[in-house]
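Working notes, structure below.
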Amino acid sequence: MNQLKNAWITVNRQCNLRCRWCYAGSIDFQKTSDMPVPLAKKLIDLIAQTGIKNIALTGGEPACYEGLGELIGYISSRGLNAVLITNGVALSDLAFWESLRLQGLSSLNLSLKGGSEEDYRKNTGVEAYGQTLQAISNVASSDINYVVSMVLSSDNIGTYLRAVKDAVDFGGKEFHFSFEHDFSVLDENEDVYDIQKVFQLVDGFQNSYEKLSEITKGHFQLHQSLPICIWDKKLIQKLTEKNQIITSCQLLERSGLVFDTDGSLIPCNLMHQVSVGKYGEDFQDIDSFMAFWNAPETKEIYQGICNYPGKACHYCKEKHHCGGGCISNWYHYSYDQLMEAFRVEKLL
Ligand SMILES: C[S@@+](CC[C@H](N)C(=O)[O-])C[C@H]1O[C@@H](n2cnc3c(N)ncnc32)[C@H](O)[C@@H]1O
């Protein structure tokens, strides 16, 4: 369970979009917080020594980071897989895309933020839907592994298939869907969450499943982050048989390393407010890192964050597979409130 599998380096927090749901918004898409390239290289050296093979560069928007090509080249020269997480806008420029590819990029996650020019502008504040589709076309013409990803929420679950269809028309072949998470409580924001949105999302996905399968020819994965027990069992079975579902995450499995722009180890990209430790202070080489990572105090921090949300979870046979869902859920409602709302929903 605790084997390290993947690492993420957050190279910046600045971005060329202003997505309504984005966690980088809570620090105002800071332009001043770019990670120094030498620090990024030291982290790559450290990660390489842990045995992790995949290093994802994320942000903010990594395409706005000056050292991006250099870091891709550095990761690749160490025999590791450089993965780019991007909104794709900058990759509509074929020469820029080629320059990254030639540095040895291994794979790409290109995220779509809407299903039409208007929708995209509404969600991101920028008119760049056409550019994102052009980027998909550029990437699709190369031999690089890539997925087109989309964050689903109750706001877009009724319309997301439009975006998927357009992406397929421009060459998208593999799709990845995840759910919107709201960690703004960590910024001490007041919480105004409507629990019904959970069921709108679940029902919306369920109702769109057949059409989604038809459009993508079944080539998608849903990274769902709710307790599995609130889903229709038959749908979960179908998704599992077709390898179309991911139910846990690196945090619940303690299988990933996520570094913020200042070298802090954070539990998850969406939790920049929580530093577990920091490069240069708590560790600086593989020996001090492993001592830090395996220290009871560090394990306790992760255990404290990842407790099962409900008593019933402890007795559930799916518990390792499910993990209880994303911890951000429990900032808005308790497990018991969710289950009560689920029972009422089923009666309606
Ligand atoms: C922050 S972005 C960084 C990389 C790049 N700028 C992009 O948009 O793909 C990484 C991914 O996290 C998603 N994301 C941002 N805020 C989120 C949230 N509150 N809940 C779930 N996903 C979120 C984005 O939509 C994007 O797909």
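Taking neighbour counts of Cβ atoms within 10 Å as a proxy for exposure, in what order, fewest first, do Ser208, Ser116 appear?
Ser116, Ser208
Report, largest value first, the span of the C-alpha coordinates of the range 48-180 along each principal axis, in whole Å.
Here the Cα extents, ordered largest to smallest, are 44, 31, 25 Å.
Contact order normalised by length for the chain, with contacts defined as Cα pairs under 8 Å and 6 or more residues apart; what percent is it?
Averaging sequence separation for qualifying contacts and normalising by length gives 17 percent for the chain.
Shape of the chain from its Cα gyration tensor (a ≥ b ≥ c, root eigenvalues): rounded if a/c is under 1.5, otherwise prolate when a/b > b/c, or oblate?
Note, shape of the chain comes out oblate.
Please compute the net charge surrounding Glu253, taking Lys and Arg as +1 and Asp and Glu as -1 over other residues with Cβ under 14 Å from its Cβ.
Once all neighbours under 14 Å are counted, the net charge is +4.
Students often forget the sequence filter, so: which aspartates and glutamates lie under 13 Å Cα-Cα from Lys346 once same-chain residues fewer than 8 apart are removed?
Candidates past the 8-residue exclusion: Asp203, Asp232.
Give me His181, His272, His223, His321 sorted ascending by neighbouring Cβ count inside 10 Å, so fewest comes first.
Result, fewest neighbours first: His321, His223, His181, His272.
So what is the relative contact order for the range 1-90, in percent, with contacts set as C-alpha pairs under 8 Å and at least six apart?
Rounded, it is 37 percent for the range 1-90.
Looking at the chain only, what percent of DSSP beta bridges run antiparallel? Nearest 5 please.
Once the DSSP bridges in the chain are tallied, antiparallel ones form about 10 percent.
Could you compute the longest span of the chain free of trypsin sites (Lys or Arg not before Pro) located in DSSP loops and having at most 11 other Cβ atoms within 10 Å, not counting the site residues?
1-216
Tell me the Kirkwood radius of the range 1-47: reciprocal of the mean inverse pair distance over distinct alpha-carbon atoms, in Å.
12.6 Å
Averaged across orientations, what area in nm² does the convex hull of the alpha carbons in the range 98-149 project?
Convex hull of Cα atoms, orientation-averaged projection: 3.7 nm².
Using the 4.7 Å Cβ rule, please list in number order the cysteines from the chain without any candidate partner.
Flagged as lacking a Cys partner: Cys15, Cys64, Cys229, Cys249, Cys268, Cys306, Cys313, Cys316, Cys322, Cys326.
Determine the sum of side-chain charges near Cys229: Lys and Arg each +1, Asp and Glu each -1, restricted to other residues whose C-beta is under 15 angstrom from that of Cys229.
Here the charged neighbours net out to +2.
In deg cm²/dmol, rounded to 500, what helix-only [θ] at 222 nm does the chain give when every DSSP H run of at least 4 residues adds -39500 (n - 2.57) and the total is split over its residues?
Helix-only estimate at 222 nm: -11500 deg cm²/dmol.
For the range 118-235, what is the relative contact order in percent, using Cα pairs closer than 8 Å and at least 6 residues apart in sequence?
Once divided by the residue count of the range 118-235, the mean separation gives 28 percent.
Sort out for me the Cα centre separation of the range 69-115 from the range 282-340, rounded to whole Å.
Result: 31 Å between the Cα centres.
Can you pull the Kirkwood radius for the range 182-338, inverse mean 1/r over Cα pairs, to one decimal in Å?
17.7 Å
Which GluC sites (Glu not before Pro) in the range 217-284 sit in a loop by DSSP (not H, G, I, E or B) and have at most 14 other Cβ atoms within 10 Å of their own Cβ?
In loop regions of the range 217-284 (DSSP not H, G, I, E or B), the sparsely surrounded GluC sites (Glu not before Pro) are Glu281.
Summing +1 for each Lys or Arg and -1 for each Asp or Glu, what net charge is found among the other residues whose Cβ lies under 13 Å from the Cβ of Ala135?
-2
All of the numbers you see were taken from the coordinates with simple rules; none came from a lab. Worth saying up front: this structure is predicted, and the values here are computed from it rather than measured. Cβ coordinates were reconstructed from backbone atoms using ideal geometry, including for glycine residues, and neighbour counts include every protein chain displayed.
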